[in-house]
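The values are calculated or read from the model by the stated rules, or taken from the named source; none is laboratory data. These numbers were taken from a predicted model, which means no experiment stands behind them. Because the Cβ atoms are built from the backbone with ideal geometry, glycine has one as well, and the counts that use them run over all protein chains shown. Remember, those area values only see protein heavy atoms, side chains included, never the ligands or the DNA or RNA. Shrake-Rupley method; radii C 1.70, N 1.55, O 1.52, S 1.80 Å.
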Number of protein chains: 2
Amino acid sequence: MKREVFVGNVGIGGDHPVSIQSMTTTDTSNAESTIDQIRQLYIAGCEIIRVAVPDQDSISPLKKIKSESPIPVIADIHFNPNLAMGAIDAGVDGIRINPGNIGSKEKLGRIIKSAADHNISIRIGVNSGSIEKKYLIQGKTRAEMMVNSALDKIKFFEDSDFSNIKLSLKSSDVMETIDAYRKIDRVCDYPLHLGITEAGTLFSGTIKSSIGIGSLLAAGIGNTIRVSLTDDPIEEVKVAVEILKVLGLRERGIEVVSCPTCARVSVDLINIVKAFEEKLGKLKLNKNIKIAIMGCEVNGPGEAKEADIGIAFSKSKAYLFRKGKMIEKLDPANSLDRLLEIIRNI
Amino acid sequence: MKREVFVGNVGIGGDHPVSIQSMTTTDTSNAESTIDQIRQLYIAGCEIIRVAVPDQDSISPLKKIKSESPIPVIADIHFNPNLAMGAIDAGVDGIRINPGNIGSKEKLGRIIKSAADHNISIRIGVNSGSIEKKYLIQGKTRAEMMVNSALDKIKFFEDSDFSNIKLSLKSSDVMETIDAYRKIDRVCDYPLHLGITEAGTLFSGTIKSSIGIGSLLAAGIGNTIRVSLTDDPIEEVKVAVEILKVLGLRERGIEVVSCPTCARVSVDLINIVKAFEEKLGKLKLNKNIKIAIMGCEVNGPGEAKEADIGIAFSKSKAYLFRKGKMIEKLDPANSLDRLLEIIRNI
């Protein structure tokens, strides 16, 4: 069993179920559009979101993104340690770095210290395409080179008294990726983040990720996954959800998703959802459906279009919707009972 | 290493590359439409085709289908041994049966004798959904039950002096399928036909098949594959090709496909293709492209729409096409040189 690491409230490793990650494609400096995309990804099944932090302009919006995101936020950092420090100060739940491109050990040490002070985890992301020269040794496979690079990095983190670590060893070659993860799995007990890098288009990337991530999970390897596609990240999450379902790693049953609430919400959504879940629990239904309870009739149905059925509240009305389309307008007082009635008949 | 078995001219097991199978969705009693579909599947990358033989009406068209198919033909038989005998007499290259639904051992024995007399191979197809009662033993997993069922059937075939066998142990559950194949792989050396049954729609079925077939192939298990999808079988073949490419099991390089010729062909296509391949070989190009040389301008471009580029001959003209669309009309005498020029620049 792997060690337990947390990204916000999501446990990775230990006894925790395999979690799904994705990455926003919006400009991080645009907090609004980034938050919108995170909400859609969350409703599709994403449990941890990574946002790129390519420059100083992306730092200040991180605070808002973090505070409005319904799921933990990881900052993706390359080259510049100051961006890592800034992101940590802005309150992110974790960072992902490729220690090989951060520069000196001193710079890496500063990041580690800051993460330790804020008690957040770091993913060490080794990529086949950017293995440092010293590991490119003739006679070794690229999988072995990636493992050697990862082990040295782990040692540096451990020597700095830091073990709040996840690992990834990604390649765009599926066999190489499988090989690298199998090897690292045998020699260390840090939780593993699985993915195939540059997997390609929806068609080819779905197949690559399914084979790579799927065969590792089938062998009991992997604690959190990210499907990479050259497409809308919603597609990444859908493929990831399907991979977990196919392998029996995600029994969806009845799933209730709800929006994280914002300024537009005029009802007491948190207690509405609680009351709904209580009523739903009493019905003891054995169905696989996703139900959305949204606090706003403007964005609710669209954001929750991945849900099988849902309800969106305005000030005075409740709107029933299926797959993003309004089907009934209701009195809020009776709306939950009507929703339950429909769910019973689905 | 697995034993070597042949379906027509396609070797399975031994040193042979993993081959791709698909199944027609046309009415087998309609020879023309079945042959059309087989040609399209062949051009997409299918190497062995299976056709259902559900009734006596499907028997007589089999002879025509077999004689015009560019790839070996397997007859899929359920319940009725006479259909198997009829298909074998019609000249098919192999048959697929689930011995569990054929009936008495005497009936099965007759099929085996006929296959032996015609020197064709039989796939023993065990399906999780139709395991016979005697194997449903408490405390055993379904994978174990499938393996036990398969081993008993193998024994019966061997006792009948027949070892021209392939095996499949399919389930709609991916983990169960992986488990069953891993187990049978350890205990017998007959070549394995991999597939996930009832895999579902294009989205879900692609993911299921990629995980199931892909993780077995990645572990070195499997000799021929069929992706099952509730969709056009062309999609099955595309997914299968991609799975093999992703795992480095199919280096396509330059591939030349050509139609099997029919009454409509007015040129000496066989020698045209030979001459073209000779010229092409001298260029020593390192590209992954599929080139089609078709003997008829009416059906050629459409049938070969999976090809990157192709040429279709009429009586007096040659038509260059890319992805199924005509792009140039040429004098047949210069057409191959023009095609080579374009290929060099792709």
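What to note about this one:
- Test result for B:K153, within 14 Å of chain A (Cβ to nearest Cβ) and out of contact with any Lys or Arg (no Cβ under 9 Å at 6 or more places or on another chain): no
- Test: B:K140 is in contact with a strand residue (DSSP E or B) (Cβ under 6 Å, 6 or more places away or on another chain) and of a type outside the set (S, T, N, Q): no
- Breaking point among (1) touching a residue at least 12 places away in the same chain (Cβ under 8 Å); (2) out of contact with any Leu (no Cβ under 9 Å at 6 or more places or on another chain); (3) closer than 30 Å to B:E278 by Cα; (4) open to solvent by 20 Å² or more (accessible area, probe 1.4 Å), for B:R250: (2)
- Inter-residue pairs, beta-carbon under 6 Å, first more than 8 Å from every other protein chain (Cβ to nearest Cβ) and within 14 Å of B:L244 (Cβ to Cβ) and in the stretch B:197-218, second surrounded by fewer than 21 Cβ atoms within 10 Å (Cβ to Cβ) and among the hydroxyl-bearing types (S, T, Y), 6+ apart: none
- If you check A:G222, A:G248 for being of a type in the set (G, A, S), in a loop (DSSP other than H, G, I, E, B), more than 10 Å from chain B (Cβ to nearest Cβ) and farther than 19 Å from B:V239 by Cβ, only one passes: A:G222.
- The stretch B:35-76, residues that are acidic (D, E) and more than 11 Å from the chain's Cα centre (by Cα): B:D36, B:D55, B:D57, B:E68, B:D76
- Checked against the criterion of being under 22 Å from the mean Cα position of the chain (by Cα) and either closer than 29 Å to B:A115 by Cβ or within 14 Å of chain A (Cβ to nearest Cβ) (or both), the stretch B:135-147 contains not a single residue that satisfies it.
- Matching option when the condition is at positive phi, in the same structural domain as A:G195 (by TED's automatic domain parsing) and surrounded by fewer than 18 Cβ atoms within 10 Å (Cβ to Cβ), among A:G45, A:G103, A:G109: A:G103
- Qualifying residue in the stretch A:50-58 (condition: polar (S, T, N, Q), more than 26 Å from A:A307 (Cβ to Cβ), out of contact with any helix residue (DSSP H, G or I) (no Cβ under 6 Å at 6 or more places or on another chain) and not in a strand (DSSP E or B)): yes
- No other residue among B:E158, B:E235, B:E255 is within 13 Å of chain A (Cβ to nearest Cβ) and open to solvent by 10 Å² or more (accessible area, probe 1.4 Å) apart from B:E235.
- Filtering the stretch B:280-307 to residues that are open to solvent by 40 Å² or more (accessible area, probe 1.4 Å) and within 16 Å of B:E255 (Cβ to Cβ) leaves B:G281, B:L283, B:K284, B:L285, B:N286, B:K287, B:N288, B:K305, B:E306.
- Within the stretch A:298-317, tally of residues that are at pLDDT 90 or above and basic (K, R): 1
- Criterion (assigned by TED's automatic domain parsing to the domain that holds B:A199 and surrounded by 21 or more Cβ atoms within 10 Å (Cβ to Cβ)) met by exactly one of B:S121, B:S114, B:S130, B:S163: B:S121
- Complete set of residues in the stretch A:175-205 that are of a type in the set (S, T, N, Q) and open to solvent by 10 Å² or more (accessible area, probe 1.4 Å): A:T197, A:T201, A:S204
- Conditions (1) modelled with pLDDT of 95 or more; (2) under 26 Å from A:G214 (Cα atoms); number of the one not met by A:Q40: (1)
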